[in-house]
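The values are calculated or read from the model by the stated rules, or taken from the named source; none is laboratory data. None of the values given here were measured: they were computed from a predicted structure. Every residue, glycine as well, gets a Cβ built from its backbone with ideal geometry; the counts of neighbours run over all protein chains shown.
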Ligand code: NAD
């Protein structure tokens, strides 16, 4: 970053500080870009999963149809790319947890399935696409840990013989209605919405931001999004650096 850009960047962080100070109800809406600085690849960055070569595109492998028809191949990809159990929260996760603790943030709405917001200490987290940390038998409902899924090899089976599935919303599956309602409610009541680390192309999740009717729409993302023109504050940068620079 050159000196001019650094000055502009610092000005924007100051403005975000000010917005957060004055806001009565701030909500964060995020995606895979929130966790790239924790070492978990997103889908659409240059070095994201779409840029790597697999026999099928990630959205095909991570679909309901594929899960049931090619379960072994699904789990091979899933274990390799989606189960990042050693990842640690970065400055963005940590600051969001701190803001909630200080009463400055009312909810995190995430498309991520990695559980890093909770690991950082966030309490009110709406996981639109579920979590790799929860897994259950499709036959008897018994719960299994992510470690079990990682270590069992092949297709994970329950003691009862049933197929074990991650509690993750696969492409073509419906979002959990309660989580959706809670997320909409949080956004409708927010006066500041911070959108971060998401390409805003995965629906219906991305459509939730249209419920926002508050004063400050803030976007923190490394590449342009379809909502940029509506933003009151647009910060093109790494979300960990942006949140790490906040003084509030
Ligand atoms: P995406 O891959 O489509 O887009 C990520 C966006 O984040 C891009 O616009 C990119 O420029 C930006 N970005 C990347 N690193 C960033 C950083 N450090 N700071 C700021 N911006 C950054 O991700 P999406 O919009 O969340 O949609 C992908 C879907 O894939 C989601 O539904 C999600 O469930 C799933 N996914 C989740 C994880 C995870 O749980 N960590 C990882 C990969 C994919």
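Computed quantities for the displayed model
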read-out	value
Matching residues in segment 220-233 - criterion: being in a strand (DSSP E or B) and within 14 Å of residue 199 (Cα to Cα)	220, 221
Any hit, segment 204-218, residues being more than 22 Å from residue 127 (Cβ to Cβ), assigned to a helix (DSSP H, G or I) and free of Cβ contacts under 8 Å to residues at least 12 places away in the same chain	no
Helices (runs of 4 or more DSSP H) wholly inside segment 1-111 that include at least 3 residues being in contact (Cβ under 8 Å) with a residue 12 or more places away in the chain and within 30 Å of residue 154 (Cβ to Cβ)	58-61, 64-69, 71-77
Residue match in segment 123-132 (condition: at positive phi and in contact (Cβ under 8 Å) with a residue 40 or more places away in the chain)	yes
Criterion (in a helix (DSSP H, G or I), at pLDDT 95 or above and under 14 Å from the mean Cα position of the chain (by Cα)) met by exactly one of 178, 150, 119	119
Residue satisfying all of: in segment 122-147; outside any loop (DSSP other than H, G, I, E, B) and away from the ligand (no atom under 14 Å from the Cβ); surrounded by the most Cβ atoms within 10 Å (Cβ to Cβ) among these	135
Selection count, segment 60-72, where residues are out of contact with any helix residue (DSSP H, G or I) (no Cβ under 7 Å at 6 or more places or on another chain) and more than 21 Å from residue 31 (Cβ to Cβ)	6
Conditions (1) closer than 30 Å to residue 190 by Cα; (2) surrounded by 14 or more Cβ atoms within 10 Å (Cβ to Cβ); (3) away from the ligand (no atom under 16 Å from the Cβ); number of the one not met by residue 101	(2)
Filtered residues of segment 154-173 (kept if more than 21 Å from residue 114 (Cβ to Cβ) and part of a loop (DSSP other than H, G, I, E, B))	154, 155, 158, 159, 160, 161, 162, 172
From 197, 244, 214, residue being crowded, with 17+ Cβ neighbours inside 10 Å, farther than 30 Å from residue 141 by Cβ and within 12 Å of the ligand (Cβ to nearest atom)	197
Flag if residue 64 is within 16 Å of the ligand (Cβ to nearest atom) and under 30 Å from residue 246 (Cβ atoms)	no
Qualifying positions in segment 55-73 - at pLDDT below 95, surrounded by 14 or more Cβ atoms within 10 Å (Cβ to Cβ) and over 21 Å from the mean Cα position of the chain (by Cα)	56, 73
